[in-house]
Every structure is written in C-alpha cells, then in structure tokens.
Amino acid sequence: MRAGVSHDPRAMPTRFRRHSLPRQSLAFHPTGQRARRTEYFFVEASDGVPHAADLRERRGDDGDDDEWQVGSVRAPSLDVLVVGAGPPGIATALALHARGLRVVIAERRVRGTRGTPGETLPGRVRSALDALGIADVLDDWSCTPIRSHRARWGPALRERHLAHDPDGHAWQVDRDGFDELLRLRAVERGIDVRLGMRCTSVVPETGGWRIALDQERGRSSLRAAFVVDATGRSAFVARRLGARHERCDRTVAVIAGILGPAAARCGSTLVEVCPDGWWYAAALPSDDIAVNFVTDAALVPVGASARTGALFDQLCNAPLIERYLAGCGSPAWLRVVSAAPAVTSPVAGAGWLATGDASSVHDPLAFSGVTKALEQGLSSAAAIAAWFGGDPLALDRYRAAAEDDFAAHLQARRACYAAAGLSRFPFWRQRAASSAPSLARTSAPWWPMTITGPHRAVPDPAHDAPAAASAAHVPA
C-alpha cells in the first residue's frame with residue numbers, strides 16, 4: 001500500500017533522476033520499447049505502519065499487472081541516529097526511547113577527554129533530570145552541593161545563599177564523570193551507545209540518511225530516518241548539511257586546575273570582574289580548585305608558559321580571587337577554549353536538527369551549559385516525535401523557538417555586561433554592545449531533498465514536555 005508517491009526529481013538522489021518521469025507520460029526508446037522509470041513511495045510494514053521509504057523499479061504500462069522489483073535502497077535500520085553522547089545527545093535519546101523510537105548514539109570519544117576540571121550546575125538542572133528519570137545521578141560522590149555564591153559584579157560584593165532558592169542549591173560536577181554517568185543511564189535503559197565511532201559523512205537517501213562512521217576496526221554505515229547533531233560547538237552534522245555556525249565575538253576562557261587544598265572553600269563559588277574580563281572559581285570534589293578567566297582572545301599570549309604568567313599577572317586586578325587561591329599550588333594544567341556565544345543557522349531541516357551547543361552556545365556567565373543542553377534535548381525529542389507523528393511544522397516551531405531563545409540570551413548578556421560598570425574598558429564596551437551574527441532566519445525548509453516523516457503514532461508522555469530554557473542573569 002502506498003502512503004504517498006513523489007515524482008519530483010528534486011526529491012530523489014542524483015543518480016536516479018535520469019530515470020524519473022511523470023506518471024501520466026509515456027517515453028519510448030528509438031526502438032519502440034517502453035523506457036524504465038522509478039518511483040518513490042512509502043512501503044507499509046508488517047505491523048501496518050508506513051514507516052520507511054523504498055525504491056522500486058516499474059516496468060510496463062500503468063495497468064494493475066505491472067511488475068515491481070525492489071531496488072538498491074533499503075528501509076532505514078533505525079528511527080533516529082544521535083551523533084554525540086554529551087548531555088544534549090543523551091537527553092534527546094532518553095526522551096525518544098521513552099516514546100518507543102529506535103535510537104542509536106554514536107560518539108567519537110571512547111572515554112571522557114574534555115580536560116575541564118569541573119562545571120557548576122544551577123538548581124533547576126534537577127527538573128530536567130527528573131523529566132528524564134535520572135535525577136539520581138546528582139547523588140554520586142562526584143557531584144558536590146554548592147550552597148552559596150559570591151560575586152563582585154561592579155563595586156559591591158554580594159553573597160547569595162541558595163538554601164531558600166526556589167530551585168534549590170547548585171552542584172559542582174566533574175564533567176567527564178558526569179557525562180559518563182549519563183551514558184551509563186542510557187545504556188541501562190537499553191539504548192545502543194556506540195563509543196569510538198566518528199561520523200565522517202551524512203548523505204541523504206530515500207526515506208532518510210546514510211551516515212558513515214569511522215572506528216578502529218574500519219568504516220561502517222547506518223541508515224536512519226532522522227539524524228540529530230549533538231556534536232557540540234563543532235556542529236559537524238549541521239555544517240555538513242549546509243548550515244553555518246558563527247560566533248558573536250572572540251571571547252575565550254583560560255581554564256586552569258589549581259592544586260588544593262580547597263576544603264575550606266567547598267560549597268561556594270566566587271565571581272569577580274576586572275578591566276580585561278572576569279574570574280570564576282569553585283572548589284572541586286578532588287579538593288582542588290577550578291579557575292576560569294574569561295577575556296578576549298587578543299589578550300591571551302601564545303605559549304603555555306606565557307599564558308600561565310599572564311594568568312597570574314591578572315590576579316593583581318582580582319583581589320578576591322587572589323585570596324581565594326591563597327595557599328594553593330601551581331596549575332596542574334591550563335588550556336584556552338572558546339567562550340563566545342555562537343549560533344547555528346538553520347538549526348533544523350528536513351529530517352535533521354541540531355541540539356545543545358551544536359544549536360547555540362550561551363555565554364559562560366549564564367551558568368547554563370549542561371542545564372541548557374538537557375532542556376534542549378527534551379524539546380528536541382518533542383519536535384522529533386511530532387515530526388514522526390506527521391506534524392509538518394514541528395521542525396519549523398523548533399527552529400523558531402531556538403532563534404528566539406538565543407536572541408533573548410544576547411539581550412540579557414548585553415544588560416549583564418553593562419551592569420558591571422566597566423564600559424570604559426574595551427572588553428566590556430564591546431560585549432555590552434555586541435549583536436548576533438548576521439544569519440538570516442529561515443522558516444522554509446532549506447534542504448533541496450524532501451524527506452517526509454514516517455507517519456507513526458508516537459505517545460507523548462507528560463514527563464517529556466520540553467522545559468523552557470532561561471537566559472543569562474546578573475550574578476547576585
């Protein structure tokens with residue numbers, strides 16, 4: 001039974017277009033024999049659900065006795081392939097798996113190699129983890145409660161106690177350990193997580209995509225009806241499909257792991273501004289201290305020793321951070337990473353979407369990296385489930401919501417940097433006036449190949465409702 005036939009040559013792979021003819025037309029070879037042609041249509045599976053497109057070759061006239069032969073393009077072997085096993089990829093996969101979709105996660109890393117000593121999660125992260133049914137990961141020893149937050153954002157020092165915060169206290173986590181906990185929960189739920197598999201290409205084909213994966217044992221490929229880009233800032237899949245990922249400015253973070261002892265500082269964080277940027281420090285479960293200095297890339301020298309020296313030179317402008325680090329040793333390691341807000345456009349297309357940092361990156365001042373990733377994973381799953389359910393506007397709504405969220409974040413970021421009262425310095429003046437990259441809003445499908453979503457009835461459990469992402473806020 002055919003659920004829909006496409007005769008549009010643009011909807012077919014290039015190698016098949018020369019065989020495509022309108023249904024009503026008759027084409028003859030010079031010898032008088034009827035030409036061969038191909039048609040695309042959805043094939044009804046054994047369970048009665050038309051869930052995958054197939055290619056068949058039709059010979060003869062339009063009568064009922066025509067012979068149909070299965071061509072070389074087979075049905076997708078899974079519903080969704082998630083590229084990237086970070087928090088957004090795991091969240092998307094867990095939510096889709098709960099809805100009954102077949103999901104595989106491909107991750108290029110075999111084990112955690114982020115190299116970041118820790119990350120602070122706000123209290124609202126528990127709501128996202130509760131929605132995924134994995135809030136117990138916060139009970140692990142590697143997740144340390146943060147009960148107070150001090151910040152000198154401007155002339156005055158403010159301290160905020162989180163005991164009575166509506167969202168509860170925050171957590172300081174080791175990112176490698178936290179990501180590993182999320183992957184273990186996904187495996188326990190029965191999701192196929194494949195580590196050490198690097199995505200090298202994403203090629204459209206009938207009914208979905210063929211994704212090439214490289215691993216130590218060689219190259220393999222998977223067919224999927226839908227692909228999710230959860231590759232982080234690289235936005236590998238989205239950029240391969242023609243999207244652009246652009247940064248707003250040249251903000252970077254100099255990250256260092258300072259050897260302890262940090263027991264007296266455990267349970268609190270500190271933020272302090274200075275003319276060339278701002279500092280953030282927090283104690284880790286390992287009794288060491290994570291220190292971030294957010295500044296402009298032009299102010300960071302080249303070379304490890306020069307960067308270490310420049311980092312300590314900046315301490316003279318941050319007396320609170322200097323006292324916070326009193327008695328600590330030298331940095332165990334130091335690295336520089338991009339900390340600039342960035343956005344991908346478009347963030348979704350026919351049969352694919354980007355989530356997490358592959359969609360947009362918020363300023364680290366928002367303290368929402370992992371939380372935003374989990375929340376957007378939930379909203380990604382809701383959009384994908386609606387697409388599988390036959391909603392033609394599901395991805396358009398997801399794209400518009402992502403664009404609006406990023407615009408709201410930039411507006412809050414400008415207000416936050418202006419509130420520091422340091423606009424006389426170039427770093428602060430530029431960010432208080434920064435704007436989004438000039439990427440056009442694309443409400444219409446941009447991918448030239450039309451991929452129709454399988455019309456499967458997908459349950460919509462209440463706990464999969466997307467959580468609203470929050471914008472940056474001025475530290476208090």
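The values are calculated or read from the model by the stated rules, or taken from the named source; none is laboratory data. Predicted model only: the values in this text are computed from it and were never measured. Note that we place each Cβ from the backbone using ideal geometry, even for glycine, and neighbour counts take in every protein chain shown.
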TODO: State the number of residues belonging to the range 301-318 that are over 16 Å from SER330 (Cβ atoms) and surrounded by 17 or more Cβ atoms within 10 Å (Cβ to Cβ).
DONE: 1
Task: Cβ-Cβ under 6 Å pairs, at least 6 apart or on other chains, the range 401-425 side free of Cβ contacts under 8 Å to residues at least 60 places away in the same chain, far side of a type in the set (Gly, Ala, Ser) and surrounded by fewer than 20 Cβ atoms within 10 Å (Cβ to Cβ) - done: ARG414/ALA432; TYR417/ALA432; ALA418/ALA432; SER423/ALA432
Open item on the list: Given (1) out of contact with any strand residue (DSSP E or B) (no Cβ under 6 Å at 6 or more places or on another chain); (2) under 25 Å from TRP428 (Cα atoms), identify the lone condition not met by LEU393.
Closed with: (2)
- [ ] Could you please find all residues in the range 333-367 being surrounded by fewer than 23 Cβ atoms within 10 Å (Cβ to Cβ) and of a type in the set (S, T, N, Q)?
- [x] SER338
Task: Test result for ASP249, part of a loop (DSSP other than H, G, I, E, B) and charged (D, E, K, R) - done: yes
Open item on the list: Anything in the range 384-411 that is assigned to a helix (DSSP H, G or I) and surrounded by fewer than 19 Cβ atoms within 10 Å (Cβ to Cβ)? List them, or say none.
Closed with: ASP396, ARG397, ALA400, ALA401, ASP404, ALA407, ALA408, GLN411
Open item on the list: Looking at the structure I just gave you, is ARG158 touching a helix residue (DSSP H, G or I) at 6+ places or on another chain (Cβ under 8 Å), assigned to a strand (DSSP E or B) and outside the structural domain of ALA93 (by TED's automatic domain parsing)?
Closed with: no
TODO: May I ask you to say which residue of ASP288, ASP229 is buried (at least 23 other Cβ atoms within 10 Å of the Cβ), touching a residue at least 24 places away in the same chain (Cβ under 8 Å) and not aliphatic (A, V, I, L, M)?
DONE: ASP229
Task: Whichever residue in the range 188-226 is among the acidic types (Asp, Glu) and over 20 Å from the mean Cα position of the chain (by Cα) and, among such residues, is surrounded by the fewest Cβ atoms within 10 Å (Cβ to Cβ) - done: GLU216
- [ ] Tell me which of these GLY329 doesn't satisfy, since it passes every other one: (1) surrounded by fewer than 23 Cβ atoms within 10 Å (Cβ to Cβ); (2) closer than 28 Å to ARG108 by Cα; (3) of a type in the set (Gly, Ala, Ser).
- [x] (2)
Open item on the list: Cβ contacts < 8 Å: first residue on the phi > 0 side of the Ramachandran plot, restricted to the range 139-162; second residue modelled with pLDDT of 90 or more, any location; separation 6+ or different chain. Result?
Closed with: GLY154/VAL273; GLY154/ALA419; GLY154/ALA420; GLY154/GLY421
TODO: All but one of (1) under 23 Å from LYS372 (Cβ atoms); (2) polar (S, T, N, Q); (3) surrounded by fewer than 18 Cβ atoms within 10 Å (Cβ to Cβ) hold for THR295, so report the exception by its number.
DONE: (3)
Open item on the list: PRO459 - would you say it is touching a Pro at 6+ places or on another chain (Cβ under 9 Å) and either modelled with pLDDT under 90 or acidic (Asp, Glu) (or both)?
Closed with: no
Open item on the list: Cβ contacts < 9 Å: first residue within 12 Å of TYR398 (Cα to Cα) and outside any loop (DSSP other than H, G, I, E, B), restricted to the range 329-353; second residue modelled with pLDDT under 90 and not aromatic (Phe, Trp, Tyr), any location; separation 6+ or different chain. Result?
Closed with: GLY349/THR442; GLY349/PRO445; GLY349/ILE451; TRP352/ILE451
Open item on the list: If I filter the range 373-381 for residues that are part of a helix (DSSP H, G or I), without any contact (Cβ under 8 Å) to a residue 60 or more places away in the chain and not charged (D, E, K, R), do I get at least one hit?
Closed with: no
